[in-house]
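Data first, discussion second: the structure below is written as structure tokens.
Values in this text are rule-based calculations from the coordinates and carry no lab data. Worth saying up front: this structure is predicted, and the values here are computed from it rather than measured. FYI the Cβ positions are ideal-geometry reconstructions off the backbone, even for glycines, and counts take in every protein chain you see.
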2 protein chains.
Amino acid sequence: MALIVQKYGGTSVGSVERIKNVARRVIKWADAGHQVVVVVSAMSGETNRLIALAREIQPEPDPRELDVVAATGEQVTIGLLAMALKSLGRDARSYTGFQVGVHTDSAFTKARIESIDEQRMRADLELGRVVVVAGFQGMDAQGNITTLGRGGSDTSGVALAAALGADECQIYTDVDGVYTTDPRVVPEASKLPSITFEEMLEMASLGSKVLQIRSVEFAGKYRVRLRVLSSLTPWDLPLEDEMRSGTLITFEEDQNMERAVVSGIAFARDEAKITVVGVPDRPGIAYQILSAVGQANIEVDMIVQNQSVDGFTDFSFTVGRSEYARALGILKNEVQGHIGAREVLGDPKACKVSIVGVGMRSHAGIASTMFRTLSEEGINIQMISTSEIKVSVLIDEKYLELAVRALHRAFDLDDPAAG
Amino acid sequence: MALIVQKYGGTSVGSVERIKNVARRVIKWADAGHQVVVVVSAMSGETNRLIALAREIQPEPDPRELDVVAATGEQVTIGLLAMALKSLGRDARSYTGFQVGVHTDSAFTKARIESIDEQRMRADLELGRVVVVAGFQGMDAQGNITTLGRGGSDTSGVALAAALGADECQIYTDVDGVYTTDPRVVPEASKLPSITFEEMLEMASLGSKVLQIRSVEFAGKYRVRLRVLSSLTPWDLPLEDEMRSGTLITFEEDQNMERAVVSGIAFARDEAKITVVGVPDRPGIAYQILSAVGQANIEVDMIVQNQSVDGFTDFSFTVGRSEYARALGILKNEVQGHIGAREVLGDPKACKVSIVGVGMRSHAGIASTMFRTLSEEGINIQMISTSEIKVSVLIDEKYLELAVRALHRAFDLDDPAAG
């Protein structure tokens, strides 16, 4: 018997019929002898409806009051799911974040979980009840209702699993696992039966939208075993098949993963590159350039500075494309003259492609295989940055699909069964 | 400076524009130097929408979970109203029943308030904030969400006023006060500037739908001064005019009221009469007749038993018309033979008309004026029952309007300005 936390997103509970199917799936796990805590989001569309209503009242809604309104979305779902479970003969209890003691800081609309009182849930589980908890929400030290911000229900699920010491946190979503790359770009992409946390973090931050990055960080910090599963499979799929159908996110690098040096190809569209050319190479220059951008609340992604030659260097970084014009203006008008740079250049049509894999650590030559592959396709590399388990390159966005497909093949990721 | 609790019903907060108008009205009171606590219902239609959703999941929804779902309706309104107040420059804080410590028993969907923690509200009021509280809801001793049942928001308002020792509880509704009778039946009906609690209780239970009877009882018990006001008046009506426009429910019989012996004419449609004829007059007979009806969950209204003659008496009572056939069947099949009654007669087309007034206590002849008036109109009286401040008669339902109009005139209640 295991203690399992399952999280179902807005699409999975988007209608009365879907809520009933979630109840059936939960009961399948409970009938197999497991204790189950279910975390749910608001029915799809509901959070947007509530926020739109709030904006009609106040174009920039007061954050504390917006959380009071938005938190009702998940509260409706927990009640409905508990009813569905009861109508199918399984005892259940629903709880808001407030009731189950999900303590957060007071950063309304983007609060962070600090602790959870797990006693009440445990008492229900001991009585054989399914516990249904509202995701996305909590309470601060003053007893105000808070929400965790978009995607916060994943984090709720992981945090509850950590507080309960659950054997596994299962995230049900409308994709059925983590793939070697986006199947829309590479039809031969194959599903990974498992992936390490470090790889998942690199994949997530690079644009694989399977899990919210915060929830993965949280799971890594508290060593919660995570499994991504599809809520689109038939609810009566046998348990073993259901387990096999997803991706397990592990802490250990298993033997199989050692063989696959590169686990996946991640990419990010809509990047823009800015280069400050001929920067006098003296301490504090990088700070002066980036602080001006940071103060304007523009997020910076890749940063590259090369060895200086004759006392001058070039400094490059990338921003989201929608911020490009603003960032370029700040650098030309506020920074260039101030630091004595020769020129500010930009390119709003770039994209980032990365190879990710824990196996990279012990294998030389991975980066060169990447660069050779791109070169053979005639793709020019504009910037390179690396981490222990990742190599990222910035290239012209028109080559994105070509680069991803070529790399996917070069690193033997194509699914022999697909394509 | 006074401390005022205002309650706004679902129609008054039924749209974004109406919520904004409520905010403007509240600010008018606050700007006059008053501390204001506002209790609100769910936006009109919202509670029904939520209950319908629950019934789609479970035809007879689990009461605990139904309360979890239904309580979200008011939670949305409090957030929106607090935003509206803030957007108009008035600091405000919203609270759910849970947050403000509205403690109830555990009778889900029809819970009763036991106590309220008023400290948090008082702290906000001291800081000049308007406090916005969700009506209709609370929490039980185990921390479960409860609701007070239909119309419970009135009770919430009165209970908060009692807990805070408020100077007045103002119930804003879509009628503008308490009338001498239903203006749809008597166009000359006039609004009562004030009415006593006892009269209000008689009027409410007899079908004047202005206030929920439970909230009036609650106000009487805790001696909360109640005022019924219209939310349909312009929000910028001067305060004095707004006060005058409603009806005050008082504990004292003032001099004016002493003059009006009868304050109003109440009535109830859709009554049905059942008479058990020739009942042997021995102890326990009334119990034997009524317990059979009560066990079938049929509510009994008027009960009349006359002096017995020759050891036999007739026993009559009324029930709601929809229960008539069932009640008659029970009496004929289960009771008549058992108690040795001669016959069971019934009439499904009756109505009850009552005159109500504290002045009656000290005036003889009021009842005879009533009976004479009805007799002059050719209306036969089928049953009579009386209390200290009320005389009720049961008559054929076809005479209802005629009887109400005639009595309204006979007791000088017609508004000289109307009709």
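Tabulated data
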quantity: Lysines with Cα under 16 Å of A:K349, excluding same-chain neighbours fewer than 8 positions away; calculated: A:K273, A:K398
quantity: Label point 7 Å beyond Cα along the C-beta direction, distances from B:K398 to other copies (nm, shortest first); calculated: 9.2
quantity: Antiparallel bridges, percent of DSSP beta bridges restricted to the protein assembly as shown (to nearest 5); calculated: 60 percent
quantity: Derived scalar couplings ³J(HN,Hα) [the range A:136-144; Karplus, 6.51 cos²θ - 1.76 cosθ + 1.60; whole Hz; x for Gly, Pro]; calculated: 6, 9, x, 9, 8, 5, 8, x, 7
quantity: GNM top mover of B:K221, B:K28, B:K20 - chain B, alpha-carbon springs below 10 Å; calculated: B:K221
quantity: When each of B:K20/B:K110; A:K110/A:K390; A:K7/A:K110 is checked by Cα-Cα distance, pairs over 21 Å; calculated: B:K20/B:K110; A:K110/A:K390
quantity: B from A by rotation - nearest chain A beta carbon to the axis, in Å; calculated: A:T72, 2
quantity: Loop sites in the range A:282-345: GluC sites (Glu not before Pro), DSSP, at most 15 other Cβ within 10 Å; calculated: A:E299
quantity: Gyration tensor (alpha-carbon) shape descriptor, the range A:1-147, a/c threshold 1.5; calculated: oblate
quantity: Selected from A:A134, A:A403, A:A296 as most flexible by GNM, with chain A as the system and alpha-carbon contacts under 10 Å; calculated: A:A296
quantity: Helical contribution to [θ] at 222 nm, DSSP H n ≥ 4, -39,500 (n - 2.57), averaged over chain A, rounded to 500; calculated: -10000 deg cm²/dmol
quantity: Rounded FRET efficiency, nearest 0.05, which uses the C-beta distance separating B:R372 from B:D270 and R0 of 30 Å; calculated: 0.65
quantity: Placed amide H near A:Y179: partners under 5 Å, 5+ positions off or other chain; calculated: A:L192
quantity: Only Lys, Arg (+1) and Asp, Glu (-1) charged, at Cβ; the range B:3-253 dipole about Cα centre in debye; calculated: 520 debye
quantity: Length released on extending from A:D236 to A:A296, taking residue separation times 0.36 nm less the Cα-Cα span; calculated: 16.5 nm
quantity: Using a 7 Å Cα-to-Cβ projection, B:N333 label spacings across copies, nm, ascending; calculated: 8.8
quantity: Counted charge near A:I113, where neighbours are those whose Cβ lies closer than 13 Å (Asp, Glu -1; Lys, Arg +1); calculated: -3
quantity: In sequence order, calculated HN-Hα J values of the range A:32-42 (Karplus, 6.51, -1.76, 1.60; Hz; x Gly/Pro); calculated: 7, x, 8, 7, 10, 10, 10, 10, 10, 8, 5
quantity: Positive dipole terminus of chain A, leading residue within A:A2, A:A266, A:A70 (C-beta point charges); calculated: A:A70
quantity: Taking A:I379, B:I195, A:I145 and counting other C-beta atoms within 10 Å, the order from fewest to most; calculated: A:I379, B:I195, A:I145
quantity: Cα-based shape type of the range A:264-410, given that a ≥ b ≥ c are square roots of the gyration tensor eigenvalues and the cut on a/c is 1.5; calculated: prolate
quantity: GNM top mover of A:R282, A:R214, A:R93 - chain A, alpha-carbon springs below 10 Å; calculated: A:R282
quantity: Long-range HN-HN contacts of B:S94 with modeled amide H, under 5 Å; calculated: B:V132
quantity: Fraction of antiparallel bridges per DSSP, the range B:90-215 only, in percent to nearest 5; calculated: 60 percent
quantity: Cα gyration tensor category, rounded, prolate or oblate, for the range B:3-253 with a/c compared to 1.5; calculated: rounded
quantity: Derived scalar couplings ³J(HN,Hα) [the range A:2-9; Karplus, 6.51 cos²θ - 1.76 cosθ + 1.60; whole Hz; x for Gly, Pro]; calculated: 10, 9, 10, 9, 10, 10, 10, x
quantity: Cβ-derived FRET efficiency at R0 35 Å, B:A123 paired with A:E17, nearest 0.05; calculated: 0.15
quantity: Over chain B, relative contact order from alpha-carbon pairs under 8 Å, at least 6 apart, %; calculated: 14 percent
quantity: Nonlocal amide H pairs with A:A107, under 5 Å, H built at 1.01 Å; calculated: A:R112
quantity: Lys, Arg +1 and Asp, Glu -1 on Cβ, resulting dipole of the protein assembly as shown about Cα centre, debye, nearest 20; calculated: 280 debye
quantity: Other-copy label distances relative to B:E126, 7 angstrom Cα-Cβ extension, nm; calculated: 4.0
quantity: For the range B:3-253, share of DSSP beta bridges that run antiparallel, in % to the nearest 5; calculated: 25 percent
quantity: Magnitude of the charge dipole, chain A, Cβ model with Lys/Arg +1 and Asp/Glu -1, debye to 20; calculated: 600 debye
quantity: Of the trypsin sites (Lys or Arg not before Pro) in the range A:333-419, those whose Cβ has at most 13 other Cβ within 10 Å and which sit in DSSP loop; calculated: A:R342
quantity: Distance (nanometres) between label positions extended 7 Å along Cα→Cβ at A:S362 and B:R409; calculated: 10.6 nm
quantity: FRET efficiency, 1/(1 + (r/R0)^6) with R0 25 Å, evaluated for A:A32 and A:R244 via beta carbons; calculated: 0.95
quantity: Potential lengthening between B:E252 and B:Q307 on full extension [0.36 nm per residue; Cα-Cα distance subtracted]; calculated: 16.1 nm
quantity: Pairwise label distance in nanometres, A:R49 with A:D105, each label 7 Å out on the Cα-Cβ vector; calculated: 3.3 nm
